[in-house]
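Here's the structure, in structure tokens; my notes come after.
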Amino acid sequence: MSACGTRHVSRDISADGVPAEVVFPAKERAILKEGTFPNVESLRQVAAGVTKEQLYHLLGRPHFREGYAGVREWDYLFHFRRDGGVTTCQYKVIFDRSYLARSFYWLPQDCGDLLREPVAAAPPSAPPAAAPRRFSLSADALFAFGQSGRGDLQPSGRAEIARIAAELRDAKDLRNVRVIGHTDSIGSEQANQALSQRRAQTVRGLLIDEGVPARSISAEGRGESEPVIGDCDARAERAALIACLQPNRRVEIVADVEQ
């Protein structure tokens, strides 16, 4: 027998290190009676192709009397701390004809599950994305034409701002509110910029009066730079031109709230 002196040999080990039948020795025949608590990381490094010397450095000497010459299997008696107790397992390494480790076995078989890498905890979920809520108010419904102060507000416009404020107060997570004023192109660019800014400031103040936190609200004017429509006939009568450009005169409220 090639494994001279071996008292337990798996049957018919092929040249490439695979037995026809795996045979484990009785635990009481271990020469290291108490076995060992192995380093699990070292066990995970054991793979096909390791040499006996490498295996010795990773796991130590075999725990059973394997023989003296031509030995093609090493056996270990391992203990693992698990769920508050100790699990005992037998581990077998079988070598090919060149004495490189090729196949590995556990008794009980499910002991191999102890080497599985722990599943990493899922990273903390990102806070829900802020979903923008948009409200567009006609400036003509809010203010008298060309005006921007609180005294110039139409009753229906004030009521609409109060309704929007109530919706913002009830939002689950109100993060940012932008009040943006827009004008038409009638008049100078500089005058329209100033008008749009004043209107945005007035609406901001009304939202604060209605209980929306001041720290979350900004106001800006964009004048005539972002028209909704731009194909009105500039040569038309003034009243017709004012009516045509009406959609461009507006105040937008953009609020970031949790989805």
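At a threshold of 8 angstrom on Cα-Cα distance, excluding pairs fewer than six apart, so keeping six or more, what relative contact order does the chain reach in percent?
Rounded, it is 18 percent for the chain.
Residue by residue through the range 221-233, what is 3J(HN,Hα) from phi via Karplus (6.51 cos²θ - 1.76 cosθ + 1.60, θ = phi - 60°)? Round to whole Hz and write x for glycine and proline.
x, 10, x, 9, 6, 10, x, 7, 10, x, 10, 6, 6
Counting only GluC sites (Glu not before Pro) that sit in a DSSP loop (anything but H, G, I, E, B) with at most 10 other Cβ atoms within 10 Å, what is the longest stretch of the chain containing none of them?
Details: sites that count: Glu34, Glu237.
Between the exposed loop sites, the longest stretch runs 35-236.
Just how large is the dipole of the range 67-139 about the Cα centre, in debye to the nearest 20, putting +1 at every Lys and Arg Cβ and -1 at every Asp and Glu Cβ?
Details: 9 positive and 7 negative charges, 81 e Å.
For the range 67-139, the charge dipole is close to 380 debye.
Which listed residue (Leu142, Ala120, Phe64) has the Cα farthest towards the positive end of the charge dipole for the chain, taking +1 on Lys and Arg C-beta and -1 on Asp and Glu C-beta about the Cα centre?
Phe64
With a ≥ b ≥ c the root eigenvalues of the C-alpha gyration tensor of the range 1-151, is it rounded (a/c under 1.5), prolate (a/b larger than b/c) or oblate? Don't skip to the answer; put the middle values down first.
Values: a/c = 5.60, a/b = 3.88, b/c = 1.44.
In terms of gyration-tensor shape, prolate.
Which of these values of P(r) over Cα pairs in 5 Å bins from 0, in percent was calculated from the structure shown: (1) 1, 5, 10, 11, 9, 6, 4, 2, 2, 2, 2, 2, 3, 4, 5, 7, 7, 6, 5, 3, 2, 1, 0, 0; (2) 1, 6, 13, 17, 17, 15, 12, 8, 6, 3, 2, 1, 0; (3) 1, 6, 13, 18, 20, 19, 14, 7, 1, 0, 0?
(1)
Would you please put 170-176, 244-250, 140-146 in order of how densely packed they are, using the mean number of other Cβ atoms within 10 angstrom per residue and starting with the highest? If you can, show how the numbers build up before the last one.
On the way: 170-176: 12.9, 244-250: 19.9, 140-146: 17.0.
My ranking of the peptides, most packed first, is 244-250, 140-146, 170-176.
Applying the Karplus parametrisation 6.51 cos²θ - 1.76 cosθ + 1.60 with θ = phi - 60° to the phi angles of the range 95-100, what ³J(HN,Hα) value in whole Hz is obtained for each residue in order, glycine and proline being reported as x?
Each residue's phi maps through the Karplus curve to give 9, 7, 5, 8, 6, 9 Hz.
Roughly how tilted is helix 189-209, in degrees to the nearest 10 and between 0 and 90, from the longest Cα axis of the chain?
Relative to the chain, helix 189-209 is tipped by roughly 70 degrees.
If I take R0 = 25 Å and measure r between the Cβ atoms of Glu28 and Glu117 in this structure, what FRET efficiency does the formula 1/(1 + (r/R0)^6) give, to the nearest 0.05?
Efficiency, rounded to the nearest 0.05: 0.15.
Treating the angle as unsigned and between 0 and 90°, give the value, to the nearest 10°, between the Cα long axis of helix 155-169 and the longest Cα principal axis of the chain.
It works out to around 10 degrees.
Would you pull out the residues with amide H under 5 Å of Val228's amide H, same chain only if 5 or more places away, H placed 1.01 Å from N?
Amide H neighbours of Val228: Asn248.
Across the range 18-34, in residue order, what do the Karplus-derived ³J(HN,Hα) couplings come to in whole Hz, using 6.51 cos²θ - 1.76 cosθ + 1.60 with θ = phi - 60° and x for Gly and Pro?
10, x, 6, 8, 8, 10, 9, x, 5, 4, 5, 8, 5, 7, 9, 4, 7
Averaged per residue, what accessible area in Å² does the chain show with a 1.4 Å probe, protein chains only?
In whole numbers, the chain has 56 Å² accessible per residue.
Ignoring ligands, DNA and RNA, what percent of the accessible area of the chain is carbon or sulfur (1.4 Å)?
Answer for the chain is 50 percent, counting heavy atoms of protein chains only.
The values are calculated or read from the model by the stated rules, or taken from the named source; none is laboratory data. If you're wondering where the values come from, they're calculated on a predicted model, not measured in any experiment. Don't worry about glycine lacking a Cβ; one is built from the backbone with ideal geometry, like all the others, and counts go over all protein chains shown. When the accessible area is computed, the model is the full protein with side chains, heavy atoms only, and any ligands, DNA or RNA have been set aside. Shrake-Rupley method; radii C 1.70, N 1.55, O 1.52, S 1.80 Å.
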